[in-house]
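Data first, discussion second: the structure below is written as structure tokens.
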Amino acid sequence: MTDQPAAGHTLDAGVPRDLHAFVAGLPKAELHVHHVGSASPRIVAELAARHPDSRVPTDPEALADYFTFTDFAHFIQVYLSVVDLVRTPEDVRLLTYEVARDMARQQVRYAELTVTPYSSVRRGMDEKAFMEAIEDARRSAESDFGTVLRWCFDIPGEAGLESAEETVRLATDDAVRPEGLISFGLGGPEIGVPRPQFKPYFDRARAAGLRSVPHAGETTGPETVWDALRELGAERIGHGTSSARDPRLLEHLAEHRIALEVCPTSNIATRAVRTLDEHPIKEFVKAGVLVTVNSDDPPMFGTDLNNEYAVAARLLDLDERGLAELAKNAVEASFLDPAGKARIAAEIDAYTAAWLAP
Ligand SMILES: [Zn+2]
């Protein structure tokens, strides 16, 4: 096991180096990050070595090239080749534990990791073994790295209602659902996949005590965000990028403290936004919306959470105090209990005060 920092990310130019150093040590919470999409070249190399019949390179250098996407179709192709490497419960355990290690290196104290159990179970993995694998990794990560993980099970929207039925079953069946599960999501494409059709599944998940966190308004307009709020009871919105086009929606989000999970670099990689300078994060802040910054599928988008904070610092013109507030937004918008929130917020304050002390 190598002990280098997660490869594949670049530092946002235009941010002073000492601000990067501040971000690197800042305690953080991450609310929008995908399980398989977090596999860094280091982790993919380990998985590929376990399955020599796959065509994924095992050498981290070659993998860095492999992870350089030419377009979105190429991204999907690479993503699916990584999905194909996660074949056994031990692969799931290794992936999850190593993702937590990469998070801990970035001072992530708490993460709500979006997991798509349907992808593994449909491919024949035993559902209980899958749940045991993620839970084993969660407990080990917490004791070994001090990073607390919680799960969001998401419906892969492109796989249709059958996947919704299966995901809600896995999320609500007491004999199967893992202890760390706290929320229910919806990912995949939005175009041609209307949110309201998933209402019955979200109703069941919410009745079982899970929080609602669908992706919405990433590649479609603000009406999709309204659908997520009205039909799916969304308590936070994944991306919500197009909300900027609807002042009434921004007002609603601000008034009800419904946070947006903003993932700037992802939005550029998927072309949801043309350039970083055109990113609506400034409008969200100006409208008083609770903004959190997240990494989505970090190695696949050539980023990590620290870099997303640096990007946000540049776009929002933040200094250390502003970055600390941003980190506290994620703590506030998380589904941690009040004591857990207070603990991380106090840690952020102490770190910032020590950094700024003369
Ligand atoms: Zn996402």
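The values are calculated or read from the model by the stated rules, or taken from the named source; none is laboratory data. Fair warning: this is a prediction, and the values are worked out from it, not measured in the lab. For neighbour counting, all protein chains shown are included, and Cβ atoms are generated from backbone atoms with ideal geometry for every residue, glycine included. Calculation scope for accessible area: heavy atoms of the full protein, side chains included, ligands and nucleic acids excluded. Shrake-Rupley method; radii C 1.70, N 1.55, O 1.52, S 1.80 Å.
Test of the criteria: in the stretch 254-358, which trypsin sites (Lys or Arg not before Pro) are in a DSSP loop and have at most 11 other Cβ atoms within 10 angstrom of their Cβ?
Details: sites: Arg257, Arg271, Arg274, Lys282, Lys286, Arg314, Arg321, Lys328, Lys341, Arg343; in loops: Arg257, Arg271, Arg274.
Here the trypsin sites (Lys or Arg not before Pro) that fit, given the DSSP loop and packing criteria, are Arg271, Arg274.
Using only the Cα atoms of the stretch 76-213, what semi-axes does the equivalent ellipsoid have when each is the square root of 5 times a gyration tensor eigenvalue? Give whole Å, largest first. Before the final figure, lay out each step's value.
Values: eigenvalues 114, 58, 45 Å².
Ellipsoid semi-axes (Å, largest first): 24, 17, 15.
Probe of 1.4 angstrom, ligands and nucleic acids ignored: what's the accessible area per residue over the stretch 17-356, in square angstrom?
Working: 13110 Å² over 340 residues.
Per-residue accessible area for the stretch 17-356 comes out at 39 Å².
Residue-wise, which Karplus ³J(HN,Hα) couplings in Hz belong to the stretch 176-190, taking 6.51 cos²θ - 1.76 cosθ + 1.60, θ = phi - 60°, and x for glycine or proline?
Ordered by residue, 3J(HN,Hα) equals 10, 4, x, 4, x, 6, 10, 9, 10, x, 8, x, x, x, 9 Hz.
Just give me a number: lysine pairs in the chain, eight or more positions apart or cross-chain, with C-alpha atoms less than 19 Å apart.
Values: Lys28/Lys328; Lys28/Lys341; Lys282/Lys328; Lys286/Lys328; Lys328/Lys341.
Final tally of qualifying lysine pairs is 5.
Let me test this: with uniform point scatterers at the alpha carbons of the stretch 272-358, what is the Debye-based log₁₀ I(q)/I(0) at q = 0.14, 0.19, 0.21, 0.26 1/Å?
Debye curve over Cα of the stretch 272-358, log10 I(q)/I(0) at q = 0.14, 0.19, 0.21, 0.26 Å⁻¹: -0.56, -0.99, -1.15, -1.39.
Just to check I understand the Karplus step: with θ = phi - 60° and J = 6.51 cos²θ - 1.76 cosθ + 1.60, what whole-Hz values come out for the stretch 23-29, glycine and proline as x?
4, 4, x, 5, x, 9, 10
Roll a 1.4 angstrom probe over the protein heavy atoms and tell me the percent of accessible area of the chain that is carbon or sulfur. Intermediate values should be presented prior to the final figure.
On the way: 7430 of 14510 Å².
Within the chain, the accessible surface is 51 percent carbon and sulfur.
For the chain, what does the helix formula give at 222 nm: sum of -39500 (n - 2.57) over DSSP H segments with n ≥ 4, over the residue count, nearest 500 deg cm²/dmol?
Numbers: 16 runs with 179 residues, N = 358.
When only DSSP H runs of four or more count, the value is -15000 deg cm²/dmol.
In percent, how large is the relative contact order of the stretch 17-356, given Cα pairs closer than 8 Å and 6 or more residues apart?
Values: 602 pairs, mean separation 65.5, N = 340.
So the answer I get is 19 percent.
What does the charge count near Ala310 come to, summing +1 for each Lys or Arg and -1 for each Asp or Glu among other residues with Cβ under 13 Å from its Cβ?
Working: positive: Arg17, Lys28, Arg314; negative: Asp12, Asp18, Asp304, Glu308, Asp317, Asp319, Glu320.
Neighbourhood net charge equals -4.
Decide, for the chain, between rounded, prolate and oblate: order the square roots of the alpha carbon gyration tensor eigenvalues as a ≥ b ≥ c, take rounded if a/c falls under 1.5, and otherwise choose prolate if a/b is larger than b/c, else oblate.
Values: a/c = 1.34, a/b = 1.09, b/c = 1.23.
Rounded shape, in that the Cα axes give a/c under 1.5.
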